[in-house]
Ligand SMILES: [Zn+2]
């Protein structure tokens with residue numbers, strides 16, 4: 001099934017691959033209820049993020065149409081990872097230890113990704129690059145889980161915030177100088193919060209008027 005979603009206009013408020021990945025579980029007002037509803041969605045989201053080349057995108061989509069069962073299995077892993085990462089980040093933000101089940105998901109995907117990471121000469125130096133067969137369906141997971149591991153082991157983690165908006169659980173890196181960003185987007189959750197405060201103030205002053 002070919003996705004009809006406009007991945008060029010996917011949410012990008014996270015300022016970090018891992019967070020934008022988690023945020024694909026969109027709020028209704030921000031586009032489709034969920035940006036990732038099939039393996040094909042995942043491939044197109046990854047392509048839009050620059051994680052797959054045009055050739056790799058075509059290869060994995062062709063492979064997925066030949067092996068739909070295997071593609072569905074990878075899709076399940078993608079969603080498990082997305083949920084596991086969200087819970088791990090929420091636990092850490094609340095000062096709690098992440099649960100073992102979520103760590104096991106991360107561990108498993110990280111092992112699979114690392115097994116495909118190659119240390120390769122590139123110009124006058126070396127770089128880490130994902131090898132593996134071009135047709136490997138789970139290559140969509142590798143760069144995401146690698147970024148997640150980098151994030152979880154870096155100082156940036158302290159700047160990961162969850163939106164204060166009602167019913168909004170989007171995560172973002174707060175890059176403001178005084179750590180004061182509260183909403184995923186000012187134009188969306190921020191404005192709604194302002195409108196609500198204005199309304200409440202107005203209501204209060206109206207009710208105290210004799
Ligand atoms: Zn929000």
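We did not get these values from a lab; they are worked out from the coordinates using the rules stated. None of the values given here were measured: they were computed from a predicted structure. Neighbour counts run over all protein chains shown; Cβ positions are idealised from the backbone, glycine included.
Any residue at all in segment 99-113 that is in contact (Cβ under 8 Å) with a residue 40 or more places away in the chain, more than 16 Å from the ligand (Cβ to nearest atom) and either assigned to a loop (DSSP other than H, G, I, E, B) or touching a helix residue (DSSP H, G or I) at 6+ places or on another chain (Cβ under 9 Å) (or both)? For segment 99-113, residues in contact (Cβ under 8 Å) with a residue 40 or more places away in the chain, more than 16 Å from the ligand (Cβ to nearest atom) and either assigned to a loop (DSSP other than H, G, I, E, B) or touching a helix residue (DSSP H, G or I) at 6+ places or on another chain (Cβ under 9 Å) (or both): present. Does residue 160 meet the test of being surrounded by 14 or more Cβ atoms within 10 Å (Cβ to Cβ), touching a residue at least 24 places away in the same chain (Cβ under 8 Å), within 15 Å of the chain's Cα centre (by Cα) and farther than 21 Å from residue 72 by Cβ? So residue 160 fits the description; yes. It is to be established whether one or more residues within segment 39-54 are touching a strand residue (DSSP E or B) at 6+ places or on another chain (Cβ under 8 Å), more than 16 Å from the ligand (Cβ to nearest atom) and in contact (Cβ under 8 Å) with a residue 12 or more places away in the chain. No, segment 39-54 has no match at all.
Counting the residues of segment 153-163 that are out of contact with any helix residue (DSSP H, G or I) (no Cβ under 7 Å at 6 or more places or on another chain) and either in a loop (DSSP other than H, G, I, E, B) or away from the ligand (no atom under 14 Å from the Cβ) (or both) gives 6. Restricting attention to segment 166-192 and to residues that are within 20 Å of residue 15 (Cβ to Cβ) and assigned to a helix (DSSP H, G or I), the residue that is nearest to the ligand (Cβ to nearest atom) turns out to be 189.
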